[in-house]
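Right, one structure below, let's go through it.
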Amino acid sequence: MFLACMLHSCSNTKVSNGGTSVDKDSLLVALHEVVDEQPGQFGIAVIIDNNDTIVLNNSSDYPMMSMFKLHEALAVCHRLDMKSADLDTVLELRRSELDAETWSPMLKEHVGESFRLTAGELIDYILVCSDNNASNFLFDQIISAPETDACIHEMLPGSDFAIKHREADMKAEIGKSYENRTSPLAYAMLVNRLFTDSLVSVSKQEHVKRGMRNCDTGMPRIAAGLPDVPDIVFSHRTGSGYVNDHGEVIAVNDGGYVELPSGKKYTVVVFVRDFGGEQEEAEQIISRISSAVYEYVDNSF
């Protein structure tokens with residue numbers, strides 16, 4: 001039912017809410033003003049109050065980078081549910097099997113040749129600080145990248161994304177980054193479902209939501225475009241990195257769920273592909289997109 005409503009909203013020039021009609025053209029004009037003529041491909045999806053949807057440049061070729069760690073966290077939770085296992089399941093990691101040359105706060109925080117962490121702690125590492133070693137380990141020990149792809153496609157039938165590779169695979173061959181790809185709408189649908197529907201067991205889903213709420217990466221992006229007022233809750237996942245053969249940043253991404261003090265809630269996702277400038281410039285543009293979306297939601301609904 002939600003998908004049908006969403007597709008209907010995408011096909012019209014207006015979105016409806018509570019019997020009133022709100023012109024979405026003003027937001028689309030504002031977004032075009034921000035992204036047109038920028039040195040990169042910008043894709044945006046917004047879902048307002050689990051109903052009205054606005055998309056811009058919604059192709060399915062945006063590299064996810066670490067954005068797939070949300071898919072991974074949910075797939076790990078689903079696999080544990082199937083085994084009647086809890087997030088306090090303990091796993092042993094060996095330093096010799098981890099990559100000392102990748103982004104990994106986990107590796108810096110634990111000493112010794114081996115150490116033990118729970119599945120829940122590993123999920124926190126991938127969601128909160130985007131730890132690459134934790135992600136590779138969960139793919140190797142709990143559920144693989146292709147199995148994660150299949151699992152999330154079962155949760156979101158027909159959604160346009162693909163997960164084929166681990167962080168380690170993309171580091172070894174950065175061209176593979178383009179094969180872990182999504183449309184902005186597919187990612188927005190997953191985030192929205194996480195916060196409005198049931199995907200895995202209640203305790204595990206709350207753990208994933210809390211991890212996104214505590215995410216401390218990419219704060220100059222969507223978060224920077226939100227007003228500095230009390231009680232706004234923002235939960236998100238980011239992804240970025242690598243420079244291609246043309247000197248372009250392959251991806252600078254952010255996507256999450258915004259809960260306003262007024263009770264209004266919305267999902268906002270921004271993907272940037274092949275940006276011909278510095279990552280910080282792309283982040284500033286994402287911030288401007290976030291500000292435009294916030295102003296639209298706050299003033300129109």
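The values are calculated or read from the model by the stated rules, or taken from the named source; none is laboratory data. Source: prediction; values computed, not measured. Because the Cβ atoms are built from the backbone with ideal geometry, glycine has one as well, and the counts that use them run over all protein chains shown. Side chains are part of the model used for accessible areas, which takes the heavy atoms of the whole protein and leaves out ligands, DNA and RNA. Shrake-Rupley method; radii C 1.70, N 1.55, O 1.52, S 1.80 Å.
Charges were assigned to the Cβ only: +1 to each Lys and Arg, -1 to each Asp and Glu. The resulting dipole of segment 162-226 about its Cα centre is roughly 80 debye.
Using just its DSSP H runs of length 4 or more, each adding -39500 (n - 2.57), the chain gives a mean residue ellipticity at 222 nm of -12500 deg cm²/dmol after division by all residues.
Per residue, the solvent-accessible area of segment 31-130 (1.4 Å probe, heavy atoms of protein chains only, all protein chains present) comes to 42 Å².
Each part gets one Cα centre, and for segment 124-201 versus segment 41-102 those centres are 4 Å apart.
Of the solvent-accessible surface of segment 260-301, computed with a 1.4 Å probe over protein heavy atoms with every protein chain present, carbon and sulfur atoms account for 36 percent. Net charge dipole, segment 42-179: roughly 200 debye, given to the nearest 20, about the Cα centre with Cβ charges of +1 for Lys and Arg and -1 for Asp and Glu.
Taken about its Cα centre, the chain carries a charge dipole of about 700 debye when Lys and Arg each add +1 at the Cβ and Asp and Glu each add -1 at the Cβ.
Near Asp160, the amide H atoms lying under 5 Å from its own belong to Ser183, Ala186; only residues 5 or more places off or on other chains count, and H is placed 1.01 Å from N. The lysines whose alpha-carbon is closer than 18 Å to the alpha-carbon of Lys265, local same-chain residues fewer than 8 away aside, are Lys24, Lys209.
Cut-off under 21 Å on the C-alpha distance; same-chain residues fewer than 8 positions from Lys204 excluded. Which lysines are left, in chain and number order? Qualifying lysines at Cα under 21 Å: Lys69, Lys83. Please report, as a whole percent, how much of the solvent-accessible surface of segment 78-124 comes from carbon and sulfur atoms (probe radius 1.4 Å). That fraction is 48 percent.
Would you mind getting the accessible area per residue of segment 212-296, heavy atoms of the protein chains only, 1.4 Å probe, in Å²? Mind showing how you got there, number by number?
Numbers: 3310 Å² over 85 residues.
So segment 212-296 comes to 39 Å² accessible per residue, rounded to a whole number.
The portion of the accessible surface of segment 180-220 made up by carbon and sulfur, rounded to a whole percent, is 48 (1.4 Å probe; DNA, RNA and ligands excluded).
For Lys171, the aspartates and glutamates whose Cα comes closer than 15 Å to its Cα, not counting residues fewer than 8 places off in the same chain, are Asp99, Glu101, Asp131, Glu179, Asp245.
Remark: relative contact order (the chain) = 24 percent; criterion is Cα-Cα distance under 8 angstrom and separation of 6 or more residues.
Select from segment 270-299 those GluC sites (Glu not before Pro) which occupy a DSSP coil region and have at most 15 other Cβ atoms within 10 Å, ordered by residue number. The partial results should precede the final answer.
Details: sites: Glu278, Glu280, Glu281, Glu283, Glu295; in loops: Glu278.
Listed in order of number, the matching sites are Glu278.
(1) 1.05; (2) 0.97; (3) 1.25: which one is Cα Rg over 2.2 N^0.38 Å as calculated from this entry? Of the listed options (1) 1.05; (2) 0.97; (3) 1.25, (2) comes from this structure. Taking Cα atoms only, the orientation of helix 202-213 departs from the longest principal axis of the chain by about 70 degrees.
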